[in-house]
1. Might you check whether a residue that is closer than 30 Å to ALA78 by Cα and of a type in the set (Val, Ile, Thr) occurs anywhere in the range 284-292?
2. Among the numbered criteria (1) touching a residue at least 40 places away in the same chain (Cβ under 8 Å); (2) open to solvent by 20 Å² or more (accessible area, probe 1.4 Å); (3) not acidic (Asp, Glu), which single criterion is violated by GLN338?
3. Right, ALA190: more than 8 Å from the ligand (Cβ to nearest atom), within 19 Å of the chain's Cα centre (by Cα), in contact (Cβ under 8 Å) with a residue 40 or more places away in the chain and surrounded by 21 or more Cβ atoms within 10 Å (Cβ to Cβ) or not?
4. Need a quick list: helices (runs of 4 or more DSSP H) entirely within the range 223-327 having at least 2 residues that are open to solvent by 10 Å² or more (accessible area, probe 1.4 Å), touching a residue at least 12 places away in the same chain (Cβ under 8 Å) and among the acidic types (Asp, Glu).
5. Of the residues MET57, MET114, MET101, which is under 30 Å from ARG301 (Cα atoms) and more than 19 Å from the chain's Cα centre (by Cα)?
6. Test GLY202 against the criterion of being surrounded by fewer than 16 Cβ atoms within 10 Å (Cβ to Cβ) and more than 10 Å from the ligand (Cβ to nearest atom), and give yes or no.
7. Out of the residues in the range 60-82 that are assigned to a loop (DSSP other than H, G, I, E, B) and of a type outside the set (A, V, I, L, M), which is most open to solvent (accessible area, probe 1.4 Å)?
8. Looking at (1) in contact with a Ser or Thr (Cβ under 6 Å, 6 or more places away or on another chain); (2) within 10 Å of the ligand (Cβ to nearest atom), which is the only condition ALA253 fails?
Amino acid sequence: MKHRVLVTGGTGYIGSHTIVELVNAGFDVVAVDNFSNSGPDVLEGIAGIIGRKIDFMELDCADRSSFSKVFMKYPDIASAIHFAASKAVGESVGNPLKYYMNNLQSLLNLVSLMREYCGEGASIVFSSSCTVYGQPSPENLPVSENAPLQPAESPYGRTKQMCEDILRDCVKAYPELKVTALRYFNPIGAHPSALIGELPVGIPQNLVPYITQTAAGIRKCLSVFGDDYDTPDGSCIRDYIYVVDLAKAHVQAVRRMLEADSEAFEVFNLGTGRGVSVLELVNVFREATGMDLPYVISSRREGDIEKVWADPSKANRVLGWSADTPLDKVLLSAWNWQKRLLEKK
Ligand code: WQD
C-alpha cells in the first residue's frame, strides 16, 4: 500500500514545519530540496524535534532527471506536497525568467513524475497564495474561495496562478490525479521548540522577521509602509496565520485525498479569518515580548494590497481544521526563534 508523502522544498519555512506535523500524524516522509533558499541545518532542527533524521535527498525539482531519483528510491510515494518554488515578490519583478523557469518547470516535472511512478490515486497538495485574489473589493472581504481572481501584481503571483491552471487542466485530463491547492494568507511565527523557523535571506522583506530583527538590534528601526490607507489606523491589514497551524492544514489535505471522497481539484483559503493591521501587530509584539520596537511611518510600498483577510469557513468545515493560535503567542514564538538565531551566531 503506497502511503509515503514527498515534500518538495522540505527545508523551507513552511515545508520544514509541515514535515514535523506529518511525522506527528504518523506519515512516512521523504523530503527534497536544492538548498537554494535554506540549508542542511534545517534538517538538524527537524531531527531535534521529531527525535530522528528524516529521509532526504538534495536535488533540484526543475531538473527532471535529478528529480526522478527520489521516485526511483522511494517507490511507496503516494502523495506530494509541493513547496519548492522561488517566492520573493520583489525579486520576481527584476528577474521574471528565474521565476517562470524554476516555478513552472518544478511543477511540470512533479506532475509528470507522479503520473509515471505513482499511478492511481496520485495526489498533490499545491502551495498557493492569497496573492491570486489581488486586492479584493469590499464586498469580497473576507475572501472566500469563490472570490474573483485578479491579475497578479508580480511574476511570482503569476506563477502561482499559472500553476493552479496547469493543475486544473491535468486533473481533467488524467483521472488518476487529485490536487488540493492551499491558498495561504500571511504565514508567521516559528515552532514552539525554536529549533526551526523563518530564515529570511538578507534584509527581510516580510513584516514579522523585520520586526524580530529590529527588536534584536540587527535592524535600527522598523519602517511602517504607510499609515494613510483606508483602514481604522491607516496601516495595511493582513491575515497573519501561525505557521504550525498552517502546517497542520497540509496534513488534513493529504489525509482527505487519501481517505475521503474528495473532488479531483479542491481549493482552500488558509487564514485565521481575522484582519490585523501593521500597527496593531507592532503593539501586540511589544506587549507579548516586553521588547521596545522603534518604528517610523514611511511611504507606501509599491504593489502593497490595502486590506485582505480570509474567510476560512470552507477549510474549517471540509478539512476539519482551523487556525486558532492567539497572535501574541505566535509573535512570542517568532521572538524566541530570533533569540535562538542570535545564540547560534
Ligand atoms: C505585510 C504588511 C507591508 C515589511 C506576503 C508575501 C506574499 C504572500 C503573502 C506567499 C504589508 C507591511 C512589511 C516592513 C511594513 N505570501 N510591512 N514594513 O506583502 O502581505 O505578502 O505574504 O505567497 O508572497 O510577500 O507580506 O510581510 O511583506 O507585508 O510596513 O518592513 O506589512 O506594507 O502591509 P505581504 P509582508
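The values are calculated or read from the model by the stated rules, or taken from the named source; none is laboratory data. Just so it is clear, the model here is predicted, and its values are computed rather than measured. Backbone-built Cβ (ideal geometry, glycine too); neighbour counts: all protein chains shown. Remember, those area values only see protein heavy atoms, side chains included, never the ligands or the DNA or RNA. Shrake-Rupley method; radii C 1.70, N 1.55, O 1.52, S 1.80 Å.
1. Just the residues of the range 284-292 that are closer than 30 Å to ALA78 by Cα, to begin with: none.
So far as the range 284-292 goes, no, none of its residues is closer than 30 Å to ALA78 by Cα and of a type in the set (Val, Ile, Thr).
2. All conditions pass for GLN338, except number (2).
3. Values: more than 8 Å from the ligand (Cβ to nearest atom): yes; within 19 Å of the chain's Cα centre (by Cα): yes; in contact (Cβ under 8 Å) with a residue 40 or more places away in the chain: yes; surrounded by 21 or more Cβ atoms within 10 Å (Cβ to Cβ): yes.
Yes, satisfied.
4. On the way: elements: 243-259, 278-289, 313-318.
The helices (runs of 4 or more DSSP H) meeting that bar are 278-289.
5. Working: MET57 fails: under 30 Å from ARG301 (Cα atoms); MET114 fails: under 30 Å from ARG301 (Cα atoms).
Sole residue among the options that is under 30 Å from ARG301 (Cα atoms) and more than 19 Å from the chain's Cα centre (by Cα): MET101.
6. On the way: surrounded by fewer than 16 Cβ atoms within 10 Å (Cβ to Cβ): yes; more than 10 Å from the ligand (Cβ to nearest atom): yes.
In short, yes.
7. Start the filter on the range 60-82 by keeping residues that are assigned to a loop (DSSP other than H, G, I, E, B), which leaves 60-63, 74-76.
Okay, now just the ones that are also of a type outside the set (A, V, I, L, M), so 60-61, 63, 74-76.
Numbers: ASP60: 58, CYS61: 7, ASP63: 70, TYR74: 21, PRO75: 86, ASP76: 36 Å².
Step by step, filter the range 60-82, then rank; the result is PRO75.
8. (2)
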